[in-house]
Amino acid sequence: MASPPQKKTLSTNRKARHEYVILETFEAGIALLGTEVKSLRAGRANLQDSYATVEGGEVYLVNCHISPYPGASVFNHDPLRKRKLLLHRAEIRRLIGRVQEKGLTLIPLSFYLKEGKVKVELALARGKKLYDRREDLKERAIRREVEQALKRSG
């Protein structure tokens, strides 16, 4: 029996689930240069303010910062360049329709390795309002208190 492919997380967008309601997730490949892959493997990427756009029937990752690789000297990459995401045509068509809906956006949740290839977990998301965020914080605090009370009594 073959084991499922191992996923090694390289970088995550920790604020994404706090600031957005995740509606759907996709796995996408990403077109990278060699120095970008080496930087990613070293954990030197920042997904904080990045997002994906659909332009001319293709999806691009914008504003994702992958630090220059120190061993590359002259042949380094531009840290903030636009990077092409590799998705099936049917997925891109579906995304085009969904992104045109009011308030929906594509955000990267994480970079990870799968079978030696760098993949991006992409999410179709809607931004949370301030009151939604406050509500989530209250729910989390209540859940934490309940768990602590159960620990004490158990």
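Being closer than 23 Å to Arg17 by Cβ, touching a strand residue (DSSP E or B) at 6+ places or on another chain (Cβ under 6 Å) and of a type outside the set (Ser, Thr, Tyr), is that true of even one residue in the stretch 31-42? Taking every residue of the stretch 31-42 in turn, at least one turns out to be closer than 23 Å to Arg17 by Cβ, touching a strand residue (DSSP E or B) at 6+ places or on another chain (Cβ under 6 Å) and of a type outside the set (Ser, Thr, Tyr). Tell me yes or no: at least one residue of the stretch 44-67 is surrounded by 15 or more Cβ atoms within 10 Å (Cβ to Cβ) and out of contact with any strand residue (DSSP E or B) (no Cβ under 9 Å at 6 or more places or on another chain). Looking for residues that are surrounded by 15 or more Cβ atoms within 10 Å (Cβ to Cβ) and out of contact with any strand residue (DSSP E or B) (no Cβ under 9 Å at 6 or more places or on another chain), one finds none in the stretch 44-67, hence no. Considered as a group, the residues in the stretch 10-58 that are under 30 Å from Gln100 (Cα atoms) and among the hydroxyl-bearing types (Ser, Thr, Tyr) include one that is nearest to the chain's Cα centre (by Cα), and that residue is Thr12. Here Arg133 fits the description: modelled with pLDDT under 85 and within 27 Å of Phe26 (Cβ to Cβ).
Identify the residue in the stretch 56-72 that is at negative phi and part of a loop (DSSP other than H, G, I, E, B) and, among all such residues, is modelled with the highest pLDDT.
Cys64
Answer with yes or no whether Thr53 is assigned to a strand (DSSP E or B) and within 15 Å of Ser110 (Cβ to Cβ).
no
Ile92 fulfils the conditions (1) among the hydrophobic types (A, V, I, L, M, F, W, C); (2) within 15 Å of Ala123 (Cα to Cα); (3) in contact (Cβ under 8 Å) with a residue 60 or more places away in the chain except for a single criterion, (3).
To keep it simple, each residue is scored yes or no on (1) in a helix (DSSP H, G or I); (2) surrounded by fewer than 17 Cβ atoms within 10 Å (Cβ to Cβ); (3) touching a helix residue (DSSP H, G or I) at 6+ places or on another chain (Cβ under 8 Å).
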{"site": "Leu40", "(1), (2), (3)": "yes, no, no"}
{"site": "Val74", "(1), (2), (3)": "yes, yes, no"}
{"site": "Arg81", "(1), (2), (3)": "no, yes, no"}
{"site": "Leu137", "(1), (2), (3)": "yes, yes, no"}
{"site": "Ile142", "(1), (2), (3)": "yes, yes, no"}
{"site": "Leu150", "(1), (2), (3)": "yes, yes, no"}
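Any idea which residue in the stretch 97-135 is surrounded by the most Cβ atoms within 10 Å (Cβ to Cβ), counting only those that are of a type in the set (Phe, Trp, Tyr) and within 29 Å of Tyr60 (Cα to Cα)? Within the stretch 97-135, the match that is surrounded by the most Cβ atoms within 10 Å (Cβ to Cβ) is Phe111.
The values are calculated or read from the model by the stated rules, or taken from the named source; none is laboratory data. Note that the structure is predicted; figures quoted are calculated from it, not measured. Heads up, the Cβs are rebuilt from the backbone with ideal geometry, glycines too, and the neighbour counts pull from every protein chain shown.
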